[in-house]
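For reference, the structure is listed below as structure tokens.
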Amino acid sequence: MRTQVGIIGAGPAGLLLAHLLHRAGIDSVILEQKSRPYIEGRIRAGLLEQGSVETLTEAGLGERLHREGLVHDGLELRCDDMAERIDLHGLTGRRVTIYGQQEAVKDMVAARLATGRPLHFEVEDTQLHDIATDQPRITWTDQHGERHELRCDVIAGCDGFHGPSRAAMPAEVLRVYERVYPFAWLGILAEASPVSHELIYARHEEGFALATMRSARLSRLYLQCAPDEDLNEWPDARIWEHLHRRLGRVNEGPILQKGVTAMRSFVAEPMRHGRLFLAGDAAHIVPPTGAKGMNLAVADVRVLAAALADFYRGRGTGLMDRYSEICLRRIWKVQRFSWWMTAMLHRFSAEDAFEHRVQTAELHYVMQSQAMRTALAEQYVGLPYEV
Ligand SMILES: Cc1cc2nc3c(=O)[nH]c(=O)nc-3n(C[C@H](O)[C@H](O)[C@H](O)COP(=O)(O)OP(=O)(O)OC[C@H]3O[C@@H](n4cnc5c(N)ncnc54)[C@H](O)[C@@H]3O)c2cc1C
């Protein structure tokens, strides 16, 4: 089998890349280890920067997003007895949109299938070969146990944090920067109307809490918890009790999904080796406090799609050669923002009284200073794209 771009992973990064390439007349094959129902039901991120919305819209993927997405002009910060609305739109002229990642994935899978181009689900034992040459290959085993080989010009490693692409890069080439936080998020999806139209970020003496939503009838709520938290110790009643304490009253309803999300900052550099390009979570992870994971995947893919379009139109490899450098400039700014939001809003178990007071003073300063609110807002709605 042969194609121009072999894409490993059908998350937001792989699916969007395939779609942008298709629109540029470039052929690709997507290989995904999970089933279609699994990836379309996987509850993860849900906040899109305005630039991500514009990217999906320009790519013809925005029809349902504009119909069902919830546009937000602001968010609320709470600390002790203080509450302050950050007027995102008033401060930046830009907005964010709530649209579940799984909904964006459904739209992109449907768009891919409509093109008739290949998307193989439930592949196993995916391996990358000859990535340093201009004829790299991917091999895998299908659901029936049959082994296949895909020859391509370029491999896009869009296979998330645990996929094989980053691991295929030579260890001596790869530099890894990492921070693991001493807490995690216990997240629930509940059939309950959101308590507020906008997101509420709360710093409470028992720990951070976040009230967000996936639709007018679905609330997504998070509590700071221990990284090794045992969900069996969190019956529904205990979760609601903590949410009420940390967020004030929230609307209760049946809990449809419960999970613990680890908090990590991670960057692998460079994002390209030979003809292998990493995009999205395969190259970087941010703690979810800044709501940036899916948005960074979109930003990487914009650059990669443009670079590959240049390459196939005979405009050379200039943008391909600068792919890693361009993406990393944005990634590190977003890493800094996500780390800052996380450090400001969470309780660190080992923190001393001095640290706690400095942290509280910082949050109060952000709430009271127009300059700080503007800095938060312009990063939250998304920094401008370079390409
Ligand atoms: C558990 C979890 C919860 C999250 N929650 C939030 C949140 O609440 N808020 C937020 O802002 N962000 C959240 N994120 C981050 C956000 O969802 C990610 O940043 C986003 O999914 C990145 O998209 P991606 O396409 O790069 O990677 P992914 O969405 O991870 O997609 C990678 C794909 O590659 C596939 N794959 C892996 N290995 C192979 C293989 N060997 N062969 C073929 N395919 C393979 C995977 O099955 C997957 O479909 C969460 C992430 C995770 C993992």
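Okay, here's what the table says:
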{"quantity": "From 246, 322, residue being among the charged types (D, E, K, R), assigned to a helix (DSSP H, G or I), buried (at least 18 other Cβ atoms within 10 Å of the Cβ) and away from the ligand (no atom under 16 Å from the Cβ)", "calculated": "246"}
{"quantity": "Residue satisfying condition, being at pLDDT 95 or above, among the small types (Gly, Ala, Ser) and within 25 Å of residue 221 (Cβ to Cβ), within set 69, 116, 163", "calculated": "69"}
{"quantity": "Close pairs (6 angstrom Cβ cut-off, 6 or more residues apart or separate chains): farther than 21 Å from residue 1 by Cα in segment 26-42, crowded, with 16+ Cβ neighbours inside 10 Å and of a type in the set (A, V, I, L, M) anywhere", "calculated": "39/10; 39/105; 40/105"}
{"quantity": "Residue match in segment 258-277 (condition: more than 16 Å from the ligand (Cβ to nearest atom), part of a loop (DSSP other than H, G, I, E, B), farther than 30 Å from residue 158 by Cβ and out of contact with any strand residue (DSSP E or B) (no Cβ under 6 Å at 6 or more places or on another chain))", "calculated": "no"}
{"quantity": "All positions within segment 41-72 that are within 12 Å of the ligand (Cβ to nearest atom) and exposed (fewer than 15 other Cβ atoms within 10 Å of the Cβ)", "calculated": "41, 42"}
{"quantity": "Residue in segment 296-315 that is free of Cβ contacts under 8 Å to residues at least 60 places away in the same chain, surrounded by 16 or more Cβ atoms within 10 Å (Cβ to Cβ) and within 19 Å of the chain's Cα centre (by Cα) present", "calculated": "yes"}
{"quantity": "Of residues in segment 156-177 being in a strand (DSSP E or B) and out of contact with any Ser or Thr (no Cβ under 7 Å at 6 or more places or on another chain), the one farthest from the ligand (Cβ to nearest atom)", "calculated": "175"}
{"quantity": "Inter-residue pairs, beta-carbon under 8 Å, first within 17 Å of residue 301 (Cα to Cα) and in segment 53-67, second of a type in the set (S, T, N, Q), 6+ apart", "calculated": "53/97"}
{"quantity": "Options 117, 137; residue that is away from the ligand (no atom under 16 Å from the Cβ), of a type in the set (D, E, K, R) and surrounded by fewer than 19 Cβ atoms within 10 Å (Cβ to Cβ)", "calculated": "117"}
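The values are calculated or read from the model by the stated rules, or taken from the named source; none is laboratory data. All values derive from a computational prediction rather than experimental measurement. All Cβ positions, glycine included, derive from the backbone under ideal geometry; neighbour counts span all protein chains shown.
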